[in-house]
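So the structure is just underneath, and the comments pick up after that.
The values are calculated or read from the model by the stated rules, or taken from the named source; none is laboratory data. Note that the structure is predicted; figures quoted are calculated from it, not measured. All Cβ positions, even for glycine, are placed from backbone atoms using ideal geometry, and neighbour counts span all protein chains on display. Note: accessible area is taken over every heavy atom of the protein model, side chains too, but ligands, DNA and RNA are not part of it. Shrake-Rupley method; radii C 1.70, N 1.55, O 1.52, S 1.80 Å.
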Amino acid sequence: MKIYFAPLEGVTTYIFRNAYNEIYGNVDKYFAPFISPAENCPMTPREKKDILPENNKGLTLIPQILTCRSDHFIEAAKELHQMGYREINLNLGCPSGTVCAKGKGSGFLKDTSALQKFLDDIYTYSESEDMKISIKTRLGYQEPEEFYDLLEIFNAFPVSELIVHPRIRTDFYKGEPRRDFFTYALGHAKCPLVYNGNIFTTNDYDELSGAFNTRLDPIMAGRGLVSDPSLGSKLKGLTSETDFEKLRRLHDTLYQEYQKVMSPDINVLYKMRELWTYWQVLFEGNERDIKRLLKAKKYPEYEEIANRILMLAED
Ligand SMILES: Cc1cc2nc3c(=O)[nH]c(=O)nc-3n(C[C@H](O)[C@H](O)[C@H](O)COP(=O)(O)O)c2cc1C
């Protein structure tokens, strides 16, 4: 079974990916959070640093582009090609207000004729350059029924993989994914399909497989893999337990690595606190400590609480 790590902007940074890959592995592709090309600027230095091959050694990374301009996409794709990448992912899912207002991400889904023209341009480029382009999409902008037309459009192009997050823009990341529409995709997509959304446990996966009457493979998971970093090994049947010794190593590595590249201290703590908003589900009974940890403003206070929580779980 293949597992793809979903891009989570601000969370699955190159520092996170390297630490995760070394400690846990069992992820077949990591999708990088989007780069957003602008006129004469295919990517910012910060975006470039995140995807530079030397910062992503030993893992399969798929860079992602967010744009509604085919010329911007192609400029960024050329730079990625020079860096050695042969697969790029197009973001048609981002629900953020500022992104959608510019007609990008899931905001691009409502202008199907512009989308068609855009896909025409970028696939003409990719075919000439031996590049694969996969697509990560929602079902639609306003209505899930938009997906019927969208799938017909995608079916006309050599999409290397179609990753479907079966929600519409206004769902953001809440509520149940709209499974019926993924069932429709299973019956009608002409390219390889990847399911994404709300896989937090092996039970969730088993339940989905029952609902779709097929063992989904590959699958993409984001929040589930961050919340329980052992989820990949669990889904692959390699373990049934969360490994807290590994979680301690992941925590310590991230804490050290972020201190090397971030300042002032509070910024490192913001990063760590954001990770704990995911990890807290693993520490039932520690709610009071976690609440304090999520407000910690100084390293000693943070370390004292984090160590206590992690040590208790390791015993
Ligand atoms: C904080 C955050 C940042 C995200 N950043 C991106 C991104 O850069 N590109 C993208 O395609 N999706 C992004 N997503 C969406 C996730 O990749 C994924 O589709 C979504 O979380 C649903 O999958 P999950 O339930 O397995 O987490 C983001 C989601 C969250 C919560």
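Table: residues versus (1) away from the ligand (no atom under 11 Å from the Cβ); (2) assigned to a loop (DSSP other than H, G, I, E, B); (3) in the same structural domain as Trp276 (by TED's automatic domain parsing).
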| site | (1), (2), (3) |
| --- | --- |
| Val159 | yes, yes, no |
| Pro166 | no, yes, no |
| Gly187 | yes, no, no |
| Cys191 | yes, yes, no |
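Of the helices (runs of 4 or more DSSP H) lying entirely inside the range 253-315, none contains at least 1 residues that are more than 27 Å from Tyr14 (Cβ to Cβ), open to solvent by less than 70 Å² (accessible area, probe 1.4 Å) and of a type in the set (Phe, Trp, Tyr). Does the range 107-128 include one or more residues that are part of a loop (DSSP other than H, G, I, E, B), within 14 Å of the ligand (Cβ to nearest atom) and within 30 Å of Pro53 (Cα to Cα)? No, every residue in the range 107-128 fails to be part of a loop (DSSP other than H, G, I, E, B), within 14 Å of the ligand (Cβ to nearest atom) and within 30 Å of Pro53 (Cα to Cα).
Being modelled with pLDDT of 95 or more, within 18 Å of Met220 (Cβ to Cβ), within 15 Å of the ligand (Cβ to nearest atom) and polar (S, T, N, Q) is true of Thr137. The one condition from (1) loosely packed, with under 14 Cβ neighbours inside 10 Å; (2) under 24 Å from Gly93 (Cα atoms) that Gly210 does not meet is (2). None of Ile153, Ile168, Ile163 is touching a residue at least 40 places away in the same chain (Cβ under 8 Å), in contact with a Leu (Cβ under 6 Å, 6 or more places away or on another chain) and open to solvent by less than 70 Å² (accessible area, probe 1.4 Å) except Ile168.
So, Ile309, is that one out of contact with any Gly (no Cβ under 9 Å at 6 or more places or on another chain) and within 16 Å of the ligand (Cβ to nearest atom) or not? Here the answer is no, as Ile309 does not meet what is asked.
Check Asn18, Asn26 and return the single one that is part of a helix (DSSP H, G or I), away from the ligand (no atom under 14 Å from the Cβ) and not hydrophobic (A, V, I, L, M, F, W, C). None of the others qualify; the one that does is Asn18. Among the residues of the range 9-36, the ones that are of a type outside the set (Lys, Arg) and open to solvent by 30 Å² or more (accessible area, probe 1.4 Å) come to 9 in all. Gln142 meets each of the listed conditions (1) assigned to a loop (DSSP other than H, G, I, E, B); (2) open to solvent by less than 70 Å² (accessible area, probe 1.4 Å) apart from (2).
Taking (1) part of a helix (DSSP H, G or I); (2) of a type in the set (Ser, Thr, Tyr); (3) away from the ligand (no atom under 15 Å from the Cβ) in turn, Tyr205 satisfies each apart from (3).
Here Asp130 fulfils each of the conditions (1) modelled with pLDDT of 95 or more; (2) of a type outside the set (Val, Ile, Thr); (3) open to solvent by 30 Å² or more (accessible area, probe 1.4 Å) apart from (1).
For the range 37-80, the candidate set comprises residues that are open to solvent by 40 Å² or more (accessible area, probe 1.4 Å) and among the hydroxyl-bearing types (Ser, Thr, Tyr); within that set, the residue that is farthest from the chain's Cα centre (by Cα) is Thr44.
Return yes when Pro229 is buried (at least 22 other Cβ atoms within 10 Å of the Cβ) and either at pLDDT 95 or above or assigned to a loop (DSSP other than H, G, I, E, B) (or both) and no when it is not. Considered against the rule, which asks whether it is buried (at least 22 other Cβ atoms within 10 Å of the Cβ) and either at pLDDT 95 or above or assigned to a loop (DSSP other than H, G, I, E, B) (or both), Pro229 comes out as yes.
Scanning the range 89-105 for residues that are among the hydrophobic types (A, V, I, L, M, F, W, C) and open to solvent by 10 Å² or more (accessible area, probe 1.4 Å) yields Cys94, Val99, Ala101.
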